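**Q** Pasting in a structure now, in structure tokens, and then I'll have a few things to ask.
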Amino acid sequence: QVQLVESGGGLVQAGGSLRLSCAASGRTFSAYAMGWFRQAPGKGREYIATINRSGDITRYADSVKGRFTISRDNAKNTVYLQMNSLKPEDTAVYYCAQTGRVISATVRDYDYWGQGTQVTVSS
């Protein structure tokens, strides 16, 4: 079965950086677009970034554009989220997800999800 396992979360001061990783298994990684989402306490799941199968097309939410970078390594079956200039409002559980769409910013287009990794940004 498909498994997505996130890692790299933690506690960081405002202005700092973290890199999240998401290791995928269970089906051909390079055949699927990937996305990163986040969910803060009491809020809905929020789209962050998405990347197509080959990694040459990326899209970002306005809230993270210029600060976050999504990338993938199909040889390692892994997608990454480099997060720079972190702000307290970036505090959330971060999820990676997989979709059969070419690329998507919509939660319902994703059919497999990881368990999430906590990112906490202190002021």
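The values are calculated or read from the model by the stated rules, or taken from the named source; none is laboratory data. Only a predicted model underlies this, so the values are computations on that prediction, with no experimental measurement involved. Note that each Cβ is placed from the backbone with ideal geometry, even for glycine, and that neighbours are counted across all protein chains shown. Remember, those area values only see protein heavy atoms, side chains included, never the ligands or the DNA or RNA. Shrake-Rupley method; radii C 1.70, N 1.55, O 1.52, S 1.80 Å.
**Q** What percentage of the solvent-accessible surface of the chain, computed with a 1.4 Å probe over protein heavy atoms, is contributed by carbon and sulfur atoms?
**A** 45 percent
**Q** I would also like to ask the following. Given the chain, what percent of its DSSP beta bridges are antiparallel, to the nearest 5?
**A** Of all bridge pairs located within the chain, approximately 90 percent are antiparallel.
**Q** Tally Lys/Arg at +1 and Asp/Glu at -1 over every other residue whose Cβ is under 10 Å from the Cβ of residue 21; what's the total?
**A** Neighbour charge sum, excluding residue 21 itself: 0.
**Q** While we're on this one: Note down the net charge around residue 54, summing +1 for each Lys or Arg and -1 for each Asp or Glu among other residues with Cβ under 15 Å from its Cβ. Before the final figure, lay out the partial values.
**A** On the way: positive: 53, 59, 72, 76, 101; negative: 56, 73.
Charge balance near residue 54 sits at +3.
**Q** About the Cα centre of region 40-101, how large is the charge dipole given +1 on each Lys and Arg Cβ and -1 on each Asp and Glu Cβ? Please answer in debye to the nearest 20.
**A** 140 debye
**Q** Over all pairs of distinct alpha carbons, what does the Kirkwood formula give as the hydrodynamic radius of the chain, in Å? Intermediate values should be presented prior to the final figure.
**A** Working: mean 1/r = 0.0709 Å⁻¹.
About 14.1 Å, per the Kirkwood formula over Cα pairs.
**Q** Per residue, what accessible area does region 1-100 have, given a 1.4 Å probe and all protein chains present, in Å²? Can you show the working numbers first?
**A** Values: 4640 Å² over 100 residues.
Heavy-atom accessible area per residue stands at 46 Å².
**Q** A further question on this structure: Residue-wise, which Karplus ³J(HN,Hα) couplings in Hz belong to region 30-46, taking 6.51 cos²θ - 1.76 cosθ + 1.60, θ = phi - 60°, and x for glycine or proline?
**A** Each residue's phi maps through the Karplus curve to give 5, 8, 10, 6, 10, x, 10, 9, 9, 9, 8, x, x, 10, x, 6, 10 Hz.
**Q** Treating only the Cβ of Lys, Arg, Asp and Glu as charged (+1, +1, -1, -1), what charge dipole size does region 5-123 show about its Cα centre? Round to the nearest 20 debye.
**A** Taking the Cα centre of region 5-123 as origin, the dipole is about 100 debye.
**Q** Under 21 Å Cα to Cα from residue 87, which lysines show up? Leave out anything in the same chain fewer than 8 places away.
**A** 43, 65
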